[in-house]
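Peer 1: Pasting a structure here, questions to come.
Every read-out reported here was derived from the displayed coordinates using simple, explicitly stated rules and does not represent laboratory data. Here the structure is a predicted model, which means the values were calculated and not measured. Cβ: placed from backbone, ideal geometry, glycine included. Neighbour counts: every protein chain shown.
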Ligand SMILES: [Fe+2]
Ligand SMILES: [Fe+2]
């Protein structure tokens, strides 16, 4: 196990002290990062003491320390999972050869692009969520938001380390660009569309952490398979932190469903208007939010048929999530039957890997849906939540711009356009959700539209003051 050096300006387990040039370059980037955090992070809460976990080791047992800290004092550091001795490439045409400890020249620009694209999403989400603190439904939730924010900041550090350590001057320039692009900026937006969507309410936050952080999990899992060993080790440790982000999404939506069912019971009605009048999120409205964020996140996997994904796999840059679960790791002989608006056809498996990833992602998304529907079933309500078809509202790939309903049926375009307001949040829906967003900061208390969580953080009671605001 590699110990983390906390005496350093930049906590790390990569022996930064042994590479003065790299250390100096990162120490020059550090104040720029802090300035970015100050300007683009949750800056109205810089004086607050937040009960946060900080990574203190990469050991599976007890890797984190919990304690109250001001966010600008968070120890953002560089942590790689421990190396696997004599690790071999696990897929693609170079399968079985030793993993790379340096970047091979021919893959330099592709690898840099993969790292920059992943890195760009991390600060983007902090920017998207920066105003949410003002409308938190509880101190517990406020703390979880800030926990996610500081960890996304650390994930940026993880990618910036790789850029600085392995990509020379180009890498250092990319690291600066990662702080120069901003979510939703007209001139310099973030790279991926989903990360330019505003997140201005907590229902969107729970959907984002459920669907979009889960896309992050799948991207990290596929990069954790990479032949480029430092990238693999970096992503493996990031996954440890990422699990909490999806927990916030899944339990957040569970708590919304729970509260809605309580309100329906109190009212003796499932009339959405009456549920809304009682200050809760009616289930059809929740379905619209699920449709929006799920379809938006599905685009992040890219086109159904992609020569880039084929090349990335064949050359060992990016595997399938949990590559070990498959039998064939080369895929030169396999095909996948793919249905596009032009009809069904067999596509070389290598070219269809984005779709393979999207399908396993959707399966993972089903887990929460099952849980929420069980709650609804137990409450003896007819309604069932569902995931939209991967043909619905796509802007990338074979189904881009196709007028398909959430079940995936193609329909007349005019009808599609007018029906959209029934499938994704309308302006009136958003206005209603925003009207629910009232800040609740009394320890232990919850906003009226969400049930309390089952337990507090790190075995502390729910009434604990997770954020001490000054
Ligand atoms: Fe992240
Ligand atoms: Fe995340």
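Peer 1: What order do you get for 246, 238 when you list them from fewest to most C-beta neighbours inside 10 Å? Provide the component values of the computation, followed by the final result.
Peer 2: Values: 246 20, 238 26.
Starting with the residue having the fewest Cβ neighbours, the order is 246, 238.
Peer 1: Contact order normalised by length for the chain, with contacts defined as Cα pairs under 8 Å and 6 or more residues apart; what percent is it?
Peer 2: 19
Peer 1: Tell me, in nm to one decimal, what length is gained between residue 307 and residue 400 on full extension, where the rule is 0.36 nm per residue of separation less the Cα-Cα distance? Working shown, then result.
Peer 2: On the way: separation 93, 0.36 × 93 = 33.48 nm, distance 1.76 nm.
Extending this stretch completely gives an extra 31.7 nm.
Peer 1: Quick one: if you take sqrt(5λ) for each eigenvalue of the C-alpha gyration tensor of the range 377-437, what semi-axes come out, biggest first, whole angstrom?
Peer 2: Output for the range 377-437: semi-axes of 25, 18, 11 Å.
Peer 1: Work out how far the C-alpha atoms of the range 1-128 reach from end to end along every principal axis, then list the three figures in whole Å, largest first.
Peer 2: Principal-axis extents of the range 1-128 (Cα, largest first): 52, 32, 29 Å.
Peer 1: Using only the alpha carbons of the range 358-470, determine the length spanned along each of the three principal axes and report them from longest to shortest in whole angstroms.
Peer 2: 53, 32, 30
Peer 1: Continuing with this model, one more query. Separation of the range 334-412 and the range 138-195 by C-alpha centroid, Å?
Peer 2: If you average the Cα positions of each part, the centres end up 29 Å apart.
Peer 1: Among rounded, prolate and oblate, which fits the range 1-46 when a ≥ b ≥ c are the square roots of the eigenvalues of its C-alpha gyration tensor, a/c under 1.5 means rounded, and a/b larger than b/c means prolate?
Peer 2: oblate
Peer 1: Ratio to report: Rg/Rh of the range 172-256, with Cα atoms as the point set and Rh obtained by the Kirkwood method; give two decimals. Let's see the in-between values first.
Peer 2: Values: Rg = 14.9 Å, Rh = 14.4 Å.
With Rg and the Kirkwood Rh in hand, the quotient comes to 1.03.
Peer 1: Can you tell me the Rg and the Dmax, both Å, for the Cα atoms in the range 153-218?
Peer 2: Gyration radius and largest Cα-Cα distance of the range 153-218: 13.9, 41 Å.
Peer 1: A further question on this structure: Sorted from largest to smallest, which semi-axis lengths in Å does the alpha carbon gyration tensor of the chain give for its equivalent ellipsoid, taking the root of 5 times each eigenvalue?
Peer 2: Gyration-tensor ellipsoid for the chain: 35, 30, 19 Å.
Peer 1: Tell me the relative contact order for the range 36-87 as a rounded percent, counting alpha carbon contacts under 8 Å between residues six or more apart.
Peer 2: Relative CO of the range 36-87 lands at 33 percent.
Peer 1: Then there is this: How high is the relative contact order of the range 310-424? Use alpha-carbon pairs under 8 Å, at least six apart in sequence, and give a whole percent.
Peer 2: 14
Peer 1: Also, quick follow-up: Relative to the present Cα-Cα distance, how much length would full extension add between residue 24 and residue 266 at 0.36 nm per residue of separation?
Peer 2: Full extension from residue 24 to residue 266 adds 80.9 nm.
Peer 1: Now for a different question. Taking neighbour Cβ counts within 10 Å as the exposure measure, how do 51, 161, 107 sort from fewest upward?
Peer 2: 107, 51, 161
Peer 1: With each run of n ≥ 4 DSSP H residues scored as -39500 (n - 2.57), what mean residue ellipticity at 222 nm is computed for the chain after dividing by its residue count and rounding to the nearest 500 deg cm²/dmol? Mind showing how you got there, number by number?
Peer 2: Working: 13 runs with 217 residues, N = 470.
It lands at -15500 deg cm²/dmol.
Peer 1: Let me ask something else about it. Just rank 155, 470, 65, fewest to most, by other beta-carbon atoms within 10 angstrom.
Peer 2: By the 10 Å Cβ count, ascending: 470, 65, 155.
Peer 1: Once you have a ≥ b ≥ c as the square roots of the Cα gyration tensor eigenvalues for the range 284-418, tell me rounded if a/c is under 1.5, and otherwise prolate or oblate according to whether a/b is larger than b/c.
Peer 2: On the way: a/c = 2.56, a/b = 1.47, b/c = 1.74.
Taking the square roots of the gyration eigenvalues as a ≥ b ≥ c, the range 284-418 is oblate.
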